[in-house]
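*Asks:* What follows is a single structure, and I will ask about it in a moment.
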């Protein structure tokens, strides 16, 4: 089954400098997720940044960190790989479509694997690109029996 999200033909548009800076933001997000660095991770969002999924809706740094802590309380380690599929930059805002592959090792020894996509809205703040809203949709999930218990 073919899935589409947003405008399927959104291309890579906008100044090359901004496209590079946005790619670096995604790199920082993935690196901080992999290393479990909550402070660096939350710094990827605007102060009023929002992160939504089928499990939560968190807005603002305090709520984002509470959501992070709630997730990580049962996690031992995370492998996070992301890829940008399309990027459309208009001035100090951008729309980005991206994909993520995650494998999470739980403290109880079980693990789960996710594949999903993000519909992202970005905003340039003080010359730096930040996530204003990351809307995650899980496409594929694989869970050990222990995770479901």
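Computed from the coordinates by the stated procedures, all read-outs in this text should not be read as laboratory data. Please read all numbers here as calculations on a predicted model, not as lab measurements. We place every Cβ from the backbone using ideal geometry, glycine too, and count neighbours over all the protein chains shown.
*Asks:* When you go through 71, 64, 105 one by one, which is the residue that is more than 13 Å from the chain's Cα centre (by Cα) and outside any strand (DSSP E or B)? Write out each step before concluding.
*Replies:* Details: 64 fails: more than 13 Å from the chain's Cα centre (by Cα); 105 fails: outside any strand (DSSP E or B).
After ruling out the rest, the residue left standing is 71.
*Asks:* Can we say residue 87 is part of a loop (DSSP other than H, G, I, E, B) and touching a residue at least 12 places away in the same chain (Cβ under 8 Å)?
*Replies:* Values: part of a loop (DSSP other than H, G, I, E, B): no; touching a residue at least 12 places away in the same chain (Cβ under 8 Å): yes.
No, not satisfied.
*Asks:* In addition: How many residues, within segment 50-79, are within 18 Å of residue 110 (Cβ to Cβ) and touching a strand residue (DSSP E or B) at 6+ places or on another chain (Cβ under 6 Å)?
*Replies:* Taking segment 50-79 and keeping what is within 18 Å of residue 110 (Cβ to Cβ), we get 55, 70-79.
Cutting the leftovers down to touching a strand residue (DSSP E or B) at 6+ places or on another chain (Cβ under 6 Å) gives us 74-79.
Matching residues across segment 50-79 total 6.
*Asks:* Moving on to the next point. Can you tell me which residues in segment 91-109 are touching a helix residue (DSSP H, G or I) at 6+ places or on another chain (Cβ under 9 Å) and either free of Cβ contacts under 8 Å to residues at least 24 places away in the same chain or surrounded by 17 or more Cβ atoms within 10 Å (Cβ to Cβ) (or both)?
*Replies:* Of everything in segment 91-109, those that are touching a helix residue (DSSP H, G or I) at 6+ places or on another chain (Cβ under 9 Å) and either free of Cβ contacts under 8 Å to residues at least 24 places away in the same chain or surrounded by 17 or more Cβ atoms within 10 Å (Cβ to Cβ) (or both) turn out to be 94, 96, 98, 100, 102, 104.
*Asks:* If I filter segment 79-91 for residues that are more than 13 Å from the chain's Cα centre (by Cα) and farther than 26 Å from residue 128 by Cα, do I get at least one hit?
*Replies:* Checked against the condition, which is being more than 13 Å from the chain's Cα centre (by Cα) and farther than 26 Å from residue 128 by Cα, segment 79-91 yields no hits at all.
*Asks:* Mind telling me which of the residues 83, 88, 39 ends up being surrounded by fewer than 13 Cβ atoms within 10 Å (Cβ to Cβ) and under 24 Å from residue 126 (Cα atoms)? Quick ask: steps written out before the conclusion?
*Replies:* On the way: 83 fails: under 24 Å from residue 126 (Cα atoms); 88 fails: surrounded by fewer than 13 Cβ atoms within 10 Å (Cβ to Cβ).
Selected residue: 39, the only one of 83, 88, 39 that is surrounded by fewer than 13 Cβ atoms within 10 Å (Cβ to Cβ) and under 24 Å from residue 126 (Cα atoms).
*Asks:* Which one of these does residue 46 not meet: (1) within 23 Å of residue 125 (Cα to Cα); (2) part of a helix (DSSP H, G or I)?
*Replies:* Going through the list (1) within 23 Å of residue 125 (Cα to Cα); (2) part of a helix (DSSP H, G or I), residue 46 breaks only (2).
*Asks:* Among the numbered criteria (1) in contact with a helix residue (DSSP H, G or I) (Cβ under 9 Å, 6 or more places away or on another chain); (2) surrounded by fewer than 17 Cβ atoms within 10 Å (Cβ to Cβ); (3) closer than 23 Å to residue 112 by Cβ; (4) in contact (Cβ under 8 Å) with a residue 12 or more places away in the chain, which one does residue 75 miss?
*Replies:* Exception for residue 75: condition (1).
*Asks:* Only one of 82, 30 is under 18 Å from residue 100 (Cβ atoms), in contact (Cβ under 8 Å) with a residue 40 or more places away in the chain and touching a helix residue (DSSP H, G or I) at 6+ places or on another chain (Cβ under 6 Å). Can you tell me which? Quick ask: steps written out before the conclusion?
*Replies:* Numbers: 30 fails: touching a helix residue (DSSP H, G or I) at 6+ places or on another chain (Cβ under 6 Å).
When all the criteria are applied, what remains is 82.
*Asks:* Given the options 57, 48, 18, name the one that is surrounded by fewer than 16 Cβ atoms within 10 Å (Cβ to Cβ), in contact (Cβ under 8 Å) with a residue 24 or more places away in the chain and on the phi < 0 side of the Ramachandran plot. Outline the logic, then answer.
*Replies:* On the way: 57 fails: in contact (Cβ under 8 Å) with a residue 24 or more places away in the chain; 18 fails: surrounded by fewer than 16 Cβ atoms within 10 Å (Cβ to Cβ).
48 is the lone residue from the list that is surrounded by fewer than 16 Cβ atoms within 10 Å (Cβ to Cβ), in contact (Cβ under 8 Å) with a residue 24 or more places away in the chain and on the phi < 0 side of the Ramachandran plot.
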